[in-house]
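Each remark here refers to the structure printed beneath this line.
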Amino acid sequence: MGRATELAAFRITRCQFPRDRVIGDSQVRTSEVHVAAVELIDGAGRVGLGFAQSLFTPLPTLVEIERYFAEEAWPSLDGRNPAGLALAVRRVRGGNVRRMTLPFEEALQHAIWDLFAQQMDQPLWQLLGAERESVPVYASGLDFHLSDSDFVELFGKAAQQGFRGFKIKVGHPELERDLHRLDLLRKATGGRGPVMVDANEAWTAQQTVEALRVFERAGHRIFWVEDPLPRNDIDGLRTLRRLGLTRVNSGEYLDLSGKRHLLEARACDMLNVHGQVGDVMRAGWLANECNVEVTLGNSFLEVGVNMALALPGVQWLEYSFQNFDHLVEEPFVMADGLIRGKTAPGHGLRLRREVREKHGQPPPQPNVRA
């Protein structure tokens, strides 16, 4: 029985394809998908799935990806039980505190927790202790570089599809442009649902205050401002929170230790988490101790719904229309502004066989669209 639950093999599929639109914020933009599907296989043939994504540069060849994985990741996984890997608390010191050459960390957590839940014959959200089956979803455009017409089309369709809130990118050098986008959003959505803005660290505290007051005078009630200041400006974030102009949502760019410092400083109204399962659950526990609401940001193919359902402080999950659904057999479905967990054991996503056949072997290519 022990060997049936131990990790026995891995499989990697390399994918590269154009996005259906340019996505980005006040700091970055990208038009290509560079991703590797990482599958961990146990002795009974069960498969845990995770995705390693490089946002801005192509991944190396499949042979090179497999070599890096075999050298840097697999030695600590081979023959191990997913439950032990998922629940382990490690002492990080010295040279072992470093990132892998390729971004495998999040993919490994998803694949390990996926296998752990399958071995327990439970959906991951139930294994994590969830007592509800759905959570509200807001539409996030990653829209900073879209034309006005594309912006209106995207959010107009989101409103028709029943999304319960809408978040746009702000932080343009000209504040009038941000205000113009809010005007367009109101027209596109009919003014329904809360509106959030995300500056991606573009502002100072004073610029944030000015922007929020300009928006308010123009009739735009902002539900939260996300990452208005650089991640380490704890004093500035705390000042904004005390002013109470809107909710301050922060923490996206901080590791678990950084999130703890943010909470201890009482510098946010909402803690933004996403990605690695174990870290998200630990951050949620810390936020609960501080009586701070948690928001679930973007996670690949919305796998974060499992954590969102399990954390009682989560009232919102982000959805950004990133055109990844074709990679898996049955993506998560949103209806009436809600996303639901899967009933099958695991996190709910399985790589399509056609993906390996179509995307699995191409060599790296330069970005095909700027």
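Determine whether the stretch 259-278 contains at least one residue that is among the small types (Gly, Ala, Ser) and open to solvent by 50 Å² or more (accessible area, probe 1.4 Å).
Filtering the stretch 259-278 for residues among the small types (Gly, Ala, Ser) gives 265, 267, 275, 278.
With the extra rule that they be open to solvent by 50 Å² or more (accessible area, probe 1.4 Å), the set shrinks to none.
The answer is no; no qualifying residue exists.
Within the stretch 115-125, identify whether any single residue is within 23 Å of the chain's Cα centre (by Cα) and in a strand (DSSP E or B), and answer yes or no.
Yes, that holds for at least one residue.
So which residues in the stretch 191-207 are within 24 Å of the chain's Cα centre (by Cα) and modelled with pLDDT of 95 or more? First the steps, then the outcome.
Initially, the stretch 191-207 is screened for residues within 24 Å of the chain's Cα centre (by Cα), giving 193-203.
Within the stretch 191-207, 194, 195, 196, 197, 198, 199, 200, 201, 202, 203 qualify.
Residue check: is residue 84 under 25 Å from the mean Cα position of the chain (by Cα), open to solvent by less than 40 Å² (accessible area, probe 1.4 Å) and within 16 Å of residue 7 (Cα to Cα)?
Numbers: under 25 Å from the mean Cα position of the chain (by Cα): yes; open to solvent by less than 40 Å² (accessible area, probe 1.4 Å): yes; within 16 Å of residue 7 (Cα to Cα): yes.
Yes: the conditions hold for residue 84.
Conditions tested, residue by residue: (1) among the aliphatic types (A, V, I, L, M); (2) at pLDDT below 95; (3) open to solvent by 30 Å² or more (accessible area, probe 1.4 Å); (4) within 20 Å of the chain's Cα centre (by Cα).
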site: 154; (1), (2), (3), (4): yes, no, no, yes
site: 167; (1), (2), (3), (4): no, no, no, yes
site: 181; (1), (2), (3), (4): no, no, no, no
site: 186; (1), (2), (3), (4): no, no, yes, no
site: 189; (1), (2), (3), (4): no, no, no, no
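From the list 21, 29, which one is within 12 Å of residue 142 (Cβ to Cβ) and under 17 Å from the mean Cα position of the chain (by Cα)? I'd like the intermediate steps shown before the answer.
Working: 21 fails: under 17 Å from the mean Cα position of the chain (by Cα).
None of the others qualify; the one that does is 29.
Scan the stretch 31-58 residue by residue and report those that are at pLDDT below 95 and of a type in the set (A, V, I, L, M, F, W, C).
55, 56
Here are some conditions: (1) more than 18 Å from residue 341 (Cβ to Cβ); (2) surrounded by fewer than 16 Cβ atoms within 10 Å (Cβ to Cβ); (3) within 21 Å of the chain's Cα centre (by Cα). Residue 104 meets all but one. Which one does it not meet?
(2)
Residues that are open to solvent by 60 Å² or more (accessible area, probe 1.4 Å), at least 2 per element: which strands (runs of 3 or more DSSP E) completely within the stretch 1-72 meet that?
On the way: elements: 7-24, 29-42, 47-53.
Because the criterion is at least 2 residues that are open to solvent by 60 Å² or more (accessible area, probe 1.4 Å), the strands (runs of 3 or more DSSP E) in the stretch 1-72 that meet it are 7-24.
Can you run down the residue pairs with Cβ atoms below 7 Å, 6 or more apart or on separate chains, where the first is in the stretch 271-283 and free of Cβ contacts under 8 Å to residues at least 60 places away in the same chain and the partner is open to solvent by less than 50 Å² (accessible area, probe 1.4 Å) and polar (S, T, N, Q)?
Correct list of pairs: 272/249; 272/250; 272/295; 274/298; 274/299.
Being under 19 Å from residue 174 (Cα atoms), among the charged types (D, E, K, R) and open to solvent by less than 70 Å² (accessible area, probe 1.4 Å) is the filter here; which residues of the stretch 199-249 pass it?
Hits for the stretch 199-249 are 201, 226, 227.
Looking for something touching a residue at least 24 places away in the same chain (Cβ under 8 Å), farther than 24 Å from residue 130 by Cα and open to solvent by less than 10 Å² (accessible area, probe 1.4 Å) - is there at least one such residue anywhere in the stretch 299-314? Write out each step before concluding.
Keep residues of the stretch 299-314 that are touching a residue at least 24 places away in the same chain (Cβ under 8 Å), which gives 299-314.
Checking the rest, the ones that are also farther than 24 Å from residue 130 by Cα come to none.
No.
I'd like the full set of residues that are touching a Gly at 6+ places or on another chain (Cβ under 8 Å), of a type in the set (A, V, I, L, M, F, W, C) and not in a helix (DSSP H, G or I), limited to the stretch 140-191.
142, 144, 163, 166, 168
Please determine whether any residue of the stretch 276-291 is under 18 Å from the mean Cα position of the chain (by Cα) and under 26 Å from residue 17 (Cα atoms).
Yes, the stretch 276-291 has at least one match.
So residue 310 ticks every box in (1) modelled with pLDDT under 95; (2) in contact with a Phe, Trp or Tyr (Cβ under 6 Å, 6 or more places away or on another chain) but one. Which box is left unticked?
Only one criterion in (1) modelled with pLDDT under 95; (2) in contact with a Phe, Trp or Tyr (Cβ under 6 Å, 6 or more places away or on another chain) is unmet by residue 310, namely (1).
May I ask you to list the residues in the stretch 126-139 that are hydrophobic (A, V, I, L, M, F, W, C) and either in a helix (DSSP H, G or I) or touching a Phe, Trp or Tyr at 6+ places or on another chain (Cβ under 6 Å) (or both)? Break it down stepwise before answering.
Initially, the stretch 126-139 is screened for residues hydrophobic (A, V, I, L, M, F, W, C), giving 127-128, 130, 135, 137, 139.
Scanning the stretch 126-139 gives 127, 137, 139.
Quick grid of which residues meet (1) over 19 Å from residue 221 (Cα atoms); (2) in contact with a strand residue (DSSP E or B) (Cβ under 9 Å, 6 or more places away or on another chain); (3) part of a helix (DSSP H, G or I):
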residue	(1), (2), (3)
237	yes, yes, yes
242	no, no, yes
245	no, yes, no
248	no, yes, no
257	yes, no, yes
260	yes, no, yes
263	yes, yes, yes
267	yes, yes, no
275	yes, no, no
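With respect to residue 33, determine if the residue is touching a residue at least 40 places away in the same chain (Cβ under 8 Å), of a type in the set (A, V, I, L, M) and within 19 Å of residue 145 (Cβ to Cβ). Can you show your working first?
Numbers: touching a residue at least 40 places away in the same chain (Cβ under 8 Å): yes; of a type in the set (A, V, I, L, M): yes; within 19 Å of residue 145 (Cβ to Cβ): yes.
Judged against the criteria, residue 33 is a match.
Got a sec? Which of 58, 103 is under 19 Å from residue 327 (Cβ atoms) and in contact with a His (Cβ under 8 Å, 6 or more places away or on another chain)?
Within the list 58, 103, the selection yields 58.
Check residue 336 against each of (1) within 18 Å of residue 18 (Cβ to Cβ); (2) modelled with pLDDT under 95 and name the one condition it does not meet.
(1)
The values are calculated or read from the model by the stated rules, or taken from the named source; none is laboratory data. Predicted, not measured: the structure shown is a model, and the values here were computed from it. Because the Cβ atoms are built from the backbone with ideal geometry, glycine has one as well, and the counts that use them run over all protein chains shown. Just the protein is used for accessible areas: all its heavy atoms, side chains included, with ligands, DNA and RNA removed. Shrake-Rupley method; radii C 1.70, N 1.55, O 1.52, S 1.80 Å.
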